[in-house]
Structures are given as structure tokens and as C-alpha cells.
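Data block below; observations after.
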Amino acid sequence: MATDGNLDGTLFGAMLREFEEAARILSLERGIWRILTSPKRQITVSCPVQMDNGEIIVFTGYRVQYNVTLGPAKGGIRYHPGVTLDEVTTLAAWMTWKCAVAHIPFGGGKGGVICDPSVMSRRELEALTRRYIAEIIDAIGPEKDVPAPDVNTNEQTMAWIMDTYSMHVGHTETAVVTGKPLELGGSLGRREATGRGVMIMARESARHVGFDIKGAKVGVQGFGNVGSVSADLLAKAGARIVAVSDWKGGVYNAKGLDVPALLDYAGRNRTVQGFAGGEPLTNDGLFKLELDVLIPAALENQITMANVADIRARVIVEGANGPTTPDANDQLYKRGIFVVPDILANSGGVTASYFEWVQDRHGYFWTEQEVNERLEAKIVQAFDAVRQTSIDFKVDMRTAAYIVAIKRVADVTRVRGMYA
Ligand code: NAD
């Protein structure tokens, strides 16, 4: 699929553009190139579910294991009406590169079911989850493929998956999914791990660029899981969180926002808009501020050719997946803005998932401090490897992250050799 046909305008085509630049610099041989641009396994299943009104609806589900050279496939499952095989395949490819950059023994996977969870009851969602997992049961497992939450799936969904899998294999198997509730084999520190990783990346970037994170001016777009934890931990590290925005609007305070009070406000009002401790701000306004660190932590395609010229940050840490378009990324590089790319910047989440899987397989659980210390070590190592590669190859951090990832998967592919 990957290298045949016209991929212009597809999400997979966009991923290939990033891949190819790094592969060319590495002078990757044609055969390995073909392997790394071909999804290993794409599964499509039909999932009949009896709805609450008695009607039977057949939902389409996908699970893609893009590359499993380094270990079991790892990646979330999303429930959304817009899920396509192209999207799931591309997200699985990105997971392959993200796990390789994070240097954890996982390949890349992703799943999706075409459905609209906002109009489904809890019972219908449970029935759909159990049937979808039953349909792909032979392909998943702690040694094969380890799903996790993504858009519109959560800890409860993971609990149903773990239970369905355990019923099929005849014993309790917690390591089949991550992102589980704590009482069911989840890991301490996982909820905060992506934001913690973003905080560490911002701190290390500041050191690299030549300023102190203490007192640095930070703006954060998005105040959900990633944005709020990043803001909170950066404030605790001494940074000044001057601006925050979400889907409704934003808030600005040149002296630094009171983040604990903002967390409390956002928890009660489901938005940061209207917070009394600062002036109102738009999302566009946030991107125009003079900042030391800008953290897009909301959605994809936020920094584009339409607004890239306005950006006056010294460092950008991509908490969200795909917040910068490729053309805008080139502009940022030309202007000397230091960008930590998504596959590196938000890899704290999948690293903590790896820790959850390790703890489940050992049946021995770490303290929150142990999780955080091990996360810190992995994140700093990943940042240093990519930074050094960007210096060695004279490329931006995004291309460097792809070089590190592709090289790791390619090296293991070569050493393992060709089975047949
Ligand atoms: P979330 O749903 O908890 O929060 C999203 C935030 O973005 C909310 O504050 C929302 O109001 C805001 N938002 C939505 N639309 C917006 C808009 N048009 N303008 C400004 N703000 C808007 O999601 P999350 O888990 O924090 O994920 C955020 C991003 O990080 C996504 O791209 C996700 O894929 C990525 N990511 C998350 C994790 C994780 O562990 N949660 C891991 C890796 C990557």
C-alpha cells in the first residue's frame, strides 16, 4: 500500500514527506526503505452490536500494526465518526517513530472504530468495545500488540479490553493494554507523564538555547491533560506562565498567571476564559506574544503559513501531535526558532505506558517517585540523542528525530535479516 499509488493529499503522504527527508540524509537502502514505508498488518473487522432500541448496527473497526521490529505494536484506539484506514495507518507509523525515538522496545500500532460515542449509551459502548476486541483478539496481547486510550476512549474502555482479553485467554492478563485504572494494573504518574515530558523538554531546550527556565515566559495553547500538566509543572520549575488558551479563549498576565488558581477555575468552568487573574486573550493573540517558550498542546495544524510570521517565541515544544505544518516548520527553522517536534516532545506518555507494561509483566509496582525519576532519565536521553543528531547532520530537530528513529528501526531490521 505504502509506496504504490498516488498518496498526494493523504495523511500517509504527509508522513512520508517527513520520513523521506530523513531517509535520504541517511542514504537508506531501497529495500529497507520499502519495508519501513509498508504497514506490516492492517486488520479491518465488522462489529455487530445490538443497540438499546433492539436494532443491530454493524460498526467497522481497524487495527494497524505498522512495524513490530523493535517489539510489540503500541498505540491507542480511537472512537470517532471520521476514522479512516489512512488515518489509522499514519498514526501507527508515527507511533513507530515515536517509540523508536523514545528508545523503548515497542513497534507502532493504532486502532479505530467508526462510531459516534456522543450518541451511544455506556452499555452500547461496552458492547462495541468487547466485540471489537473479540474480533482482533488473535492479533493483540502483551507480546504482540498493546493498545491504549486515544480520542474518545479512556480508562474504562481499557478496563473492558483487559477483561475481554482475560476472559478469552482464561486468566487475568493486565499487560494487554496500558492506560488502565490504578486498581487494575495502571501506573502511578502516567496521567501526568506527557505533560511532565513536555516540561523536561522545555527545560532542556532552554539550557541548549542559552536561557534559564526559571523566570522564562511561557505560553500554552490548550489546557487539557497535556497543556494543564505542562503549565503546572513548568510553573513549579520557576517559569512564568504568562498566557494560556483553550477552545473558548484565553487569558494573559505579564507577571505570570496563578496556575493552581487557574487549574481550579478551569476544573469548575471547563474553560480558562473569564479567569479573573489576567486579561482576555484570543488563540491568535497567544501566537503573537513575545515568549521564551510556546507550547501548542491542543490540536493539529495550529502553526501554519498564515500565522508563522507572527510567532516570536525562542523555543516551541510540540505537546500536541502535528501542530505545525511542514512549510511552517521550514520557516521556523530558517528564523532560528528551536522546535522540539511532537514525536519527541510528547513521548513522555508512551514512555510511561511502557513503564506500566513492565510493571504489569513483573507484577511489581513502582512508587510515583520511581516512575518520575525513570521518566526523567529516558526523556533527557531522548532529547540529547536528537539534539546531538541535529548538530551532527546540521538539520532541524524534526528531521533529526526521524533520523534517530529510522536509524534504530533500520539497524535492527538489518541485523535480524530477512525471514523466508
Ligand atoms: P484534551 O482533550 O485533554 O485537551 C485538549 C485541549 O485543547 C482542551 O483544553 C481544549 O479546550 C483545547 N482546544 C480544543 N480545540 C481548541 C482550539 N480550536 N483552540 C485552542 N484550544 C483548543 O487533550 P490532551 O490529551 O491534552 O491532548 C492534546 C494534544 O496532545 C493532542 O494533539 C493529543 O493527540 C496530544 N497528545 C496527548 C497525549 C496524552 O497523553 N494525553 C500524549 C501524546 C500526545
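The values are calculated or read from the model by the stated rules, or taken from the named source; none is laboratory data. As the structure is a computational prediction, the values presented were derived from the model and not from experiment. Neighbour counts are summed over all protein chains in view; Cβ atoms, including those assigned to glycine, are modelled from backbone coordinates with ideal geometry. Please note that ligands, DNA and RNA were not included when accessible areas were found on the heavy atoms of the full protein model with its side chains. Shrake-Rupley method; radii C 1.70, N 1.55, O 1.52, S 1.80 Å.
What a 1.4 Å probe finds exposed on segment 269-400 is 48% carbon and sulfur by accessible area, rounded to a whole percent. Over segment 273-328, accessible surface divided per residue gives 44 Å², non-protein components excluded, 1.4 Å probe.
Against the compact-protein benchmark of 2.2 N^0.38 Å, the Cα-based radius of gyration of segment 1-94 scales to 1.32. In order along segment 276-292, the phi-based Karplus estimate (6.51 cos²θ - 1.76 cosθ + 1.60, θ = phi - 60°) of 3J(HN,Hα) comes to 6, x, x, 8, x, 8, 8, 5, 4, x, 4, 6, 8, 6, 7, 10, 7 Hz; Gly and Pro are listed as x. With N as its number of residues, segment 192-345 has a Cα radius of gyration that, divided by 2.2 N^0.38 Å, comes to 0.92.
Which links in Lys236/Lys378; Lys74/Lys144; Lys180/Lys236; Lys255/Lys288 stretch past 19 Å when you go from one Cα to the other?
Flagged as over cut-off: Lys236/Lys378; Lys180/Lys236.
Counting only DSSP beta bridges with both residues in the chain, what percent are antiparallel, rounded to the nearest 5? Looking only at bridges with both residues in the chain, the antiparallel portion is about 45 percent.
How many percent of the alpha carbon pairs in segment 40-172 exceed a separation of 26 Å?
On the way: 1557 of 8778 pairs.
Here the tail beyond 26 Å accounts for 18 percent of pairs.
Suppose we keep just the DSSP beta bridges with both residues in segment 182-311; what percent of those would be antiparallel, to 5? All intermediate terms of the calculation are to be shown ahead of the outcome.
Details: 6 of 15 bridges.
Bridges in segment 182-311 are about 40 percent antiparallel.
The relative contact order of segment 192-345 comes to 23 percent, based on Cα pairs under 8 Å that sit 6 or more residues apart.
Just the C-alpha atoms of segment 86-153: what Rg/Rh do they give, with Rh taken as the Kirkwood radius? Present the calculation step by step, with values, prior to reporting the outcome.
Details: Rg = 13.6 Å, Rh = 13.5 Å.
Reported Rg/Rh (Cα atoms, Kirkwood Rh): 1.01.
Only protein heavy atoms count here; under a 1.4 Å probe, His80 has an accessible surface of about 80 Å².
When you filter the GluC sites (Glu not before Pro) in segment 1-101 for DSSP loop state and at most 12 other Cβ atoms inside 10 Å of their Cβ, you are left with Glu29, Glu55.
Annotation note: chymotrypsin sites (Phe, Trp or Tyr not before Pro) in segment 214-293 located in DSSP loop regions with a Cβ neighbour count of at most 16 within 10 Å are Trp247. Arg408 contributes about 60 Å² of solvent-accessible surface, heavy atoms of the protein only, 1.4 Å probe. Amide hydrogen proximity for Ser38: with H placed 1.01 Å from N in the peptide plane, no residue at 5 or more positions away or on another chain lies under 5 Å.
Over the chain, what is the mean sequence separation of C-alpha contacts under 8 Å (at least six apart), divided by residue count, expressed as relative contact order in percent? Don't skip to the answer; put the middle values down first.
On the way: 864 pairs, mean separation 65.3, N = 420.
That works out to 16 percent.
Remark: segment 40-172 carries 38 Å² of accessible area per residue (probe radius 1.4 Å; ligands, DNA and RNA excluded). Taking amide H atoms as placed 1.01 Å from N in the peptide plane, the amide H of Ile77 lies under 5 Å from those of Gly111, Ala148, Asp150, each 5 or more residues away in sequence or on another chain.
Here the accessible area of segment 40-172 is 51 percent carbon and sulfur, with a 1.4 angstrom probe and all protein chains present.
In this structure, Lys288 and Gln156 have a Cβ-Cβ separation that, at R0 = 35 Å, corresponds to a calculated FRET efficiency of about 0.30.
Reported value for segment 297-411: 124 Å³ per residue, from the convex hull of its C-alpha atoms. For segment 135-211, the spread of Cα coordinates along the three principal axes comes to 56, 24, 22 Å, biggest extent given first. For segment 194-280, the orientation-averaged shadow of the C-alpha convex hull comes to 5.0 nm² (one quarter of the hull surface).
Can you give the translational diffusion coefficient of the chain in µm²/s, computed by Stokes-Einstein from the Kirkwood radius over Cα pairs at 4 °C and 1.567 mPa s?
Numbers: Rh = 22.0 Å.
Rounded, D is 59 µm²/s.
Largest GNM mean-square fluctuation among Thr325, Thr164, Thr367, using the chain with Cα springs under 10 Å: Thr367.
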